[in-house]
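Only one structure is covered here, and it is reproduced in the block below.
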Amino acid sequence: MTIQEGPRDRGTKGNSVGREGWLLSLLLAALVISGGVAGTMLIRSMLPPERARIPVKVVGAFWKREMKTERRFKRLVRGFAWERVIQIEKRVRGRDTGSSLPDGAKLIRKRVSRETTESCTKAGSKRERKKKAEKDCIQVPVTRTSYEYEYNVWMKGRVLKAVGKDREDREPSWPKVSLGAGEREGASSAVYRVLYVEEGVEGEQSLEVDESRWRQLKPGDELPVDTERWGPTRTLTESSQGPEDFTPRWPEVLADERVTEKSAKYILHLRDERGLGYSAPVSEAQWHQLAPGGSCTVVLHHGQFFGVE
């Protein structure tokens, strides 16, 4: 808070300072003479009151509102790329051994083995089996047959690929297929990418999308993404245009910005009956309650500004 005094005669102000120094010396002497208690009471009587209220009028105002914002980085479509792939499979002969002969397999060797295995059951009644762990076992003959065979198996072979990368290349095609002996066409796949540039990032980047989305986008479109990136913070400020501007406003924020921080300052210019001026900070609620020409009270604590009521 600042207190502005009205015009005074400089000589009068200097004489006042001299008188104040003389009075202070006199008070100190009285303190020594009186033994301390009476002198202290005398000094306190000359000091400003602990709490004083001064009626004032609102003669002007100043406000300032500030906010910090971040701007969302844009991703702009620049072009398109595509890739279509066909896997060619090649037939090869494989060899394996198993307990059965698969359909279409060529038998190389059949093996039959005979052996015996032991088959056991517990002897006696349930009560006897609880007392004894005796078993009745017999030898059972078992015949096992195995087949060694050759079969046709399809393995991955060469890959046919067609690619395109151009600003306007929107007509992807499949690679031409020409099969040789023992070959067949296998699985096929396609990948569609959007080429874009992003603010704050050097170079061109790509994003894989499905074919329908890939065909909808056009060069210059903004590319929506799941994870947004926000740029550096900038500070916006709006303040009063004069002492009678009593309508605080927030700065305008662009559509691609978000507010990260807000702050505000409200100051009233006040004047009392003696013509002394005060610049007092107030809360937003007090600001809206008061208006130029209105009245309020300045509270002083030991002669220092304490608040506005």
Per the list (1) within 30 Å of Tyr192 (Cβ to Cβ); (2) modelled with pLDDT of 80 or more, residue check on Gly231 breaks on (2)
Between a residue in the stretch 68-83 that is hydroxyl-bearing (Ser, Thr, Tyr) and any residue that is crowded, with 16+ Cβ neighbours inside 10 Å, which pairs come within a Cβ distance under 6 Å, given they are 6 or more apart or on different chains?
Thr69/Glu257
Out of all the residues in the stretch 203-240, which are charged (D, E, K, R) and more than 22 Å from the chain's Cα centre (by Cα)?
Glu204, Glu208, Asp210, Glu211, Arg213, Arg215, Lys218, Asp221, Glu238
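Listed here are the residues, each with its yes/no results for (1) at pLDDT 85 or above; (2) touching a Phe, Trp or Tyr at 6+ places or on another chain (Cβ under 7 Å); (3) not aliphatic (A, V, I, L, M).
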| site | (1), (2), (3) |
| --- | --- |
| Glu118 | no, no, yes |
| Ala123 | no, no, no |
| Arg129 | no, no, yes |
| Thr143 | yes, no, yes |
| Tyr147 | yes, no, yes |
| Leu160 | yes, no, no |
| Lys165 | no, no, yes |
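Could you tell me whether Arg258 is modelled with pLDDT of 85 or more and either in the same structural domain as Val163 (by TED's automatic domain parsing) or more than 41 Å from the chain's Cα centre (by Cα) (or both)?
Working: modelled with pLDDT of 85 or more: yes; either in the same structural domain as Val163 (by TED's automatic domain parsing) or more than 41 Å from the chain's Cα centre (by Cα) (or both): no.
Criteria not met by Arg258.
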Taking the conditions exactly as written (assigned to a strand (DSSP E or B) and modelled with pLDDT of 90 or more), does Ile86 satisfy them or not?
yes
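Listed here are the residues, each with its yes/no results for (1) touching a His at 6+ places or on another chain (Cβ under 7 Å); (2) outside the structural domain of Ile86 (by TED's automatic domain parsing); (3) free of Cβ contacts under 8 Å to residues at least 40 places away in the same chain; (4) of a type in the set (D, E, K, R).
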position: Val153; (1), (2), (3), (4): no, no, no, no
position: Leu160; (1), (2), (3), (4): no, no, no, no
position: Asp166; (1), (2), (3), (4): no, no, no, yes
position: Glu183; (1), (2), (3), (4): no, no, no, yes
position: Leu195; (1), (2), (3), (4): no, no, no, no
position: Glu202; (1), (2), (3), (4): no, no, yes, yes
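The values are calculated or read from the model by the stated rules, or taken from the named source; none is laboratory data. Source: prediction; values computed, not measured. Every residue, glycine among them, receives a Cβ derived from its backbone with ideal geometry; neighbour counts consider all protein chains shown.
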